[in-house]
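A short write-up of the structure that comes next.
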Amino acid sequence: MAEIQSNPDQSEAFVFDSQKQDLALQKTIFQKYAPSVDGALRQGEILTNLKQFKLNIESLRLGKPLAEPIIHPFAIIMTQDCDCEQDFKPRKDGTISNATIPSMLFCEVVMAEDLRNRDKGGKTIDINSTVWGQVRINKNERYHFLEAIPNTADASGEELPELALDFKRYFTIPTEEVYYRIEIGEAKRRCRLISPYLEHLTSRFNYFQSRIALPEDHTSI
C-alpha cells in the first residue's frame with residue numbers, strides 16, 4: 001500500500017483557515033448591535049446629540065418661563081418596542097389613535113471612562129477598581145456597561161467607544177419632538193442592541209426601578 005505523504009504547509013493553512021472561520025462564526029453568534037434603520041424608533045436604540053429642554057425654575061417663579069437646553073451626546077431608548085411600533089404607524093399616517101405615546105423614555109449614556117471618573121458637585125469621584133470590575137461585567141445593579149460599537153454596526157459608519165448607563169439617570173422627551181429632531185438631522189440614529197443583549201439591558205433596568213427598600217436586612221443568628 002502506498003504511503004500517503006502529508007504536506008505540513010497545507011495542514012497549517014487548513015488549521016489557520018478553520019480558526020478564522022471559527023472566529024467569524026463567533027462574531028456572528030455574539031453580535032450585539034445592528035445599525036439603525038428608518039421607520040419606528042426601537043427599544044435599545046442609541047441616539048447621539050439628542051436635545052432636551054428643561055424649564056428654568058427661577059423663571060417659572062417670575063411668571064416668565066424659560067427653557068434651557070440639555071445636550072445628550074448619547075441616549076438610549078427604554079420605551080417598550082411594541083409601544084414604539086404601535087405609535088409609529090398612526091403617527092406616520094397622520095391618524096388619531098390611542099396607541100400613540102406622548103413621550104419617549106430614555107436613559108442617559110456616557111462614555112465608560114467618563115462614568116468611572118465622573119464629576120459630582122464640582123469634585124471628581126472615582127469609582128474604585130473593585131466596583132468598576134463589577135460594572136464592566138454588569139454585576140453592579142445600578143450601572144450597565146456596553147462594549148465599543150464597530151463601524152459595521154453604526155448607521156453613520158463610525159466606531160463608538162465603550163459606553164455606560166446609570167439607571168438613575170433617565171428622562172423623557174415628547175415623541176413628536178424626538179422624531180422632528182431626527183428629521184432635521186440634529187439628532188442621529190446610530191445603532192440598536194439586539195437579542196438577547198436588548199432583553200438583558202431592559203430586565204436589569206426594570207429590576208433597578210422596582211427594587212424594594214427594606215428597613216432592615218434579614219440576619220442569621
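Side notes on the structure shown:
- Flag if residue 192 is over 16 Å from the mean Cα position of the chain (by Cα), surrounded by 11 or more Cβ atoms within 10 Å (Cβ to Cβ), under 30 Å from residue 103 (Cα atoms) and not acidic (Asp, Glu): no
- Residue in segment 13-32 that is modelled with pLDDT of 95 or more, outside any helix (DSSP H, G or I) and among the aromatic types (Phe, Trp, Tyr) present: no
- Screening residue 142 against (1) under 14 Å from the mean Cα position of the chain (by Cα); (2) farther than 23 Å from residue 51 by Cα leaves a single unmet condition, (1).
- Taking the criterion of being among the aliphatic types (A, V, I, L, M), in a strand (DSSP E or B) and buried (at least 21 other Cβ atoms within 10 Å of the Cβ), the residues of segment 33-51 that qualify are 46, 47, 50.
- Any hit, segment 147-170, residues being in contact with a Ser or Thr (Cβ under 7 Å, 6 or more places away or on another chain) and either among the aliphatic types (A, V, I, L, M) or on the phi > 0 side of the Ramachandran plot (or both): yes
- Residue count for segment 76-102, restricted to those that are closer than 18 Å to residue 206 by Cβ and in contact (Cβ under 8 Å) with a residue 24 or more places away in the chain: 8
- Considering 203, 156, 195, the condition of being farther than 15 Å from residue 43 by Cβ and of a type in the set (S, T, N, Q) is satisfied by 156 alone.
- The strands (runs of 3 or more DSSP E) falling completely within segment 66-173 that include 3 or more residues that are out of contact with any helix residue (DSSP H, G or I) (no Cβ under 7 Å at 6 or more places or on another chain) and at pLDDT 95 or above map to 67-77, 103-111.
- Test: residue in segment 123-132 that is surrounded by 11 or more Cβ atoms within 10 Å (Cβ to Cβ), in contact with a strand residue (DSSP E or B) (Cβ under 9 Å, 6 or more places away or on another chain) and not β-branched (Val, Ile, Thr): yes
The values are calculated or read from the model by the stated rules, or taken from the named source; none is laboratory data. Quick caveat: nothing in here was measured; it's all calculated off a predicted structure. Cβ coordinates were reconstructed from backbone atoms using ideal geometry, including for glycine residues, and neighbour counts include every protein chain displayed.
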